[in-house]
Amino acid sequence: PNVCAVQKLIGTNRKYFTNCKQWYQRKICGKSTVISYECCPGYEKVPGEKGCPAALPLSNIYETLGVVGSTTTQLYSDRSNLRPEIEGPGSFTIFAPSNEAWASLPAETLDSLVSNVNIELLNALRYHMVNKRVLTDDLKHGTTLKSMYQDLPVQIHHYPNGVRYLRVTPRGSLVTVNCARLLKADHHATNGVVHVIDKVIATTTNTIQHIIETEESLETLRAAVAASDLNSLLESEGQYTLLAPTNEAFEKIPRETLNRILGDPEALRDLLNHHILKSAMCAEAIIAGLTMETLEGTTLDVGCSGEELTLNGKAIIANKDVLATNGVIHFVNELLIPDSAKTLFELAQESEVSKSMDFFRQAGLSSHLTGSERVTLLAPVNDVFKDGRPVVDSNMKNLLLNHIVRDQLSSKYLYHGQKLQTLGDKELRVFVYRNNLCIENACIAAHDKRGRFGTLFSVDKMLTPPSGSVMDVLKADHRFSTLVAAIQSAGLTENLNRPGTFTVFAPTNEAFRAMPQGELNKLMGNAKELANILKFHVADEILVSGAVGALVRLKSMQGDKLEVSVKNNVIHVNKEPVAESDIMATNGVIYAVNSVLQPQASRPQERGDEPADPALEIFKQASALSKVSQRNPRLAPVYSRLLARMKSPGAF
């Protein structure tokens, strides 16, 4: 009973009191900890007994400071003549800095306090006190307490427990006081309560805006805030976290990019809002990774590595926990530019589409991707070009123009059958499938990135805009000359020319040559049978290869099902490999196949000992019935005749 687990960071004096030995897998900010156990505050060991069963007698606050190990605070209370007050009657709360907290103060700060103990040191200690008893249950997030020094506010932040926070208080959550972490909480005294904290806290009287206006290293930020009319927000009441870019951070940005953002009020406001978190977040509260929402509506990954705070995995915070009356400021030495303030080229720098962006540059299309034109870019991912890069000629330029869609789109608003217009004056269709979202033959490979004027769709292949009807495409490709003749002979030309949504598995000339000559002649001479076979190769819905999962079944125009699957990145139809996929037409999509597919009814029956008639199959397998039939004089002749018919090859 009454034993507390303590996690101590190896190589430091930092301790975290936890209720669970496995919490955080013995790591804080990625650094290993040692687990030890000690008596919880207010209890002590008894020889021969387990745990810490004996409760310590209560004493006044001054003596309790010694009990909890805050002896430097106790010493300074004595020197500053605060001792009589905290030994006497009353009900106080003191947030007592640990000995290490006092030792970590800059020498000049500590000297100024101890050289004037009756004023400076006394005032500093009284700022750590509240004139009532306040337990951790009363320390609500975002509240302020009136200190005993001129009623100046002390800010409380109470962060919830869970996978992101270490249990350090009896309630299993993390509490900070002016961004100083509670180390030991709720030490009761006869005249109040003592909480040990890890820093000496200073008075806070300025808003975030006032700090920006007076800090030399934030001169560029000051001008940007004024230009975006965010002054009133940063002066208002609230609890914000400002990730304040320093002058150095702005200087690291290319001048052209910086001037563009500073000259665009909407982009500038998005940029600044991306640096403001919706709640106050002290550095001490972050002991593992978490995601925080910004005023812009975006998210930032906030974490830590050892002593350093990280943003999106980078240790770019130069100065942390500068406290203001309406929040906290962390100085950052890199600018965090949100997607909403970027051009398409800037968005692509953080995506796997760098090769295709090079093609757009070479084709002279940069102006469409950097200006104020509202467009959506369909950019193939780098893997599309792993076997070589195409030559950027006039044909390639026209193709790339058809990868730029007029208007700035969002994939979540696209719908099946939607038509999109490209800068190359082509019309593209949207296909929505259970497992994919595709524009013509190209399927979206990653979440879209929405920039200032353009949206980036990363797609899994080069787009093939349709260039004619199914019949037009087949006629233009010499591989399908036999098929075209067969379609015309069967009277299906008009069907495949009309508007529609066809998927055609088109047998090549090679497929027809592979058929036995007699069978081919018979097929070509029978228009009805030929039409039946050809209709089996056509489905009345569009299925592009990117939508094919383990198995997709399509109903053919002949009536039977076509089974489309993918194996080793090769599309198969009825287990036959496809030679070429996604040949796009205005009324469908074509797959080249090197075999003529046969409907089930046209395939030779597989015989043997098994009957084709299901009634006879049931009769044959009903062994119990057969035994009864053979014993029954009236049924035996019937059974014998049926058995004879089963064995006769031409009976059924």
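The values are calculated or read from the model by the stated rules, or taken from the named source; none is laboratory data. Quantities reported herein were computed from a predicted structural model and do not represent experimental measurements. Every residue, glycine among them, receives a Cβ derived from its backbone with ideal geometry; neighbour counts consider all protein chains shown. The protein model used for the area step is the full one, side chains on, heavy atoms only, and it has no ligands, DNA or RNA in it. Shrake-Rupley method; radii C 1.70, N 1.55, O 1.52, S 1.80 Å.
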| query | On average, how much area does the Cα convex hull of segment 342-459 cover when viewed from any direction, in nm²? | reply | 6.8
| query | For the chain, what is the relative contact order in percent, using Cα pairs closer than 8 Å and at least 6 residues apart in sequence? | reply | 7
| From Cα coordinates alone, what are the radius of gyration and Dmax values for segment 57-197 in angstrom? | 14.6, 45
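Rank by packing, highest mean first: peptides 538-545, 552-559, with packing defined as the count of other Cβ atoms within 10 Å averaged across residues.
538-545, 552-559
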| said: Report the Cα centroid-to-centroid distance between segment 393-441 and segment 50-69 in angstrom, as an integer. | reply: 72
| Considering only Ala527, Gly546, Val578, whose Cα is most displaced toward the positive end of the charge dipole of segment 470-593, charges sitting on Cβ of Lys, Arg (+1) and Asp, Glu (-1)? | Ala527
| request: Work out from phi, with θ = phi - 60° and the Karplus expression 6.51 cos²θ - 1.76 cosθ + 1.60, the ³J(HN,Hα) of each residue of segment 271-280, listed in order in whole Hz, and give x for Gly and Pro. | output: 4, 5, 4, 5, 9, 10, 8, 6, 9, 6
| task | Whole Å is fine, so just give me how far the alpha carbon centre of segment 517-554 lies from that of segment 82-145. | result | 85
| remark: The size of the Cβ-based charge dipole (Lys, Arg +1; Asp, Glu -1) of the chain about the Cα centre, to the nearest 20 debye, is 3300
| query | Each residue of segment 285-292 in order: what ³J(HN,Hα) in whole Hz does its phi give by Karplus 6.51 cos²θ - 1.76 cosθ + 1.60, θ = phi - 60°, with x for Gly and Pro? | reply | 7, 9, 10, 6, x, 8, 10, 10
| field | For segment 208-337, alpha-carbon Rg and Dmax in angstrom | value | 13.7, 39
| request: Holding the Cα-Cα limit at 32 Å, pick out from Lys412/Lys555; Lys8/Lys449; Lys31/Lys449; Lys412/Lys475; Lys528/Lys575; Lys278/Lys314 the pairs that are longer than that. | output: Lys8/Lys449; Lys31/Lys449; Lys412/Lys475
| field | Ranking by accessible area, most exposed first, for Arg450, Arg429 with a 1.4 Å probe | value | Arg450, Arg429
| Arranged from highest to lowest average of other beta-carbon atoms within 10 Å per residue, in what order do the peptides 377-388, 562-573 appear? | 377-388, 562-573
| message | Sort 464-470, 144-150 by the packing proxy (mean of other Cβ within 10 Å over each peptide's residues), most packed first. | response | 464-470, 144-150
| Out of these labelled values of Rg/Rh (Cα atoms, Kirkwood Rh), [x] 1.08; [y] 1.21; [z] 1.12, which was calculated from the coordinates shown here? | [y]
| field | Equivalent-ellipsoid semi-axes of segment 417-505, from the Cα gyration tensor, Å, largest first | value | 32, 13, 12
| query | Using bins 10 angstrom wide from zero, how does P(r) for segment 470-593 break down, in % of all Cα pairs? | reply | 13, 47, 34, 5
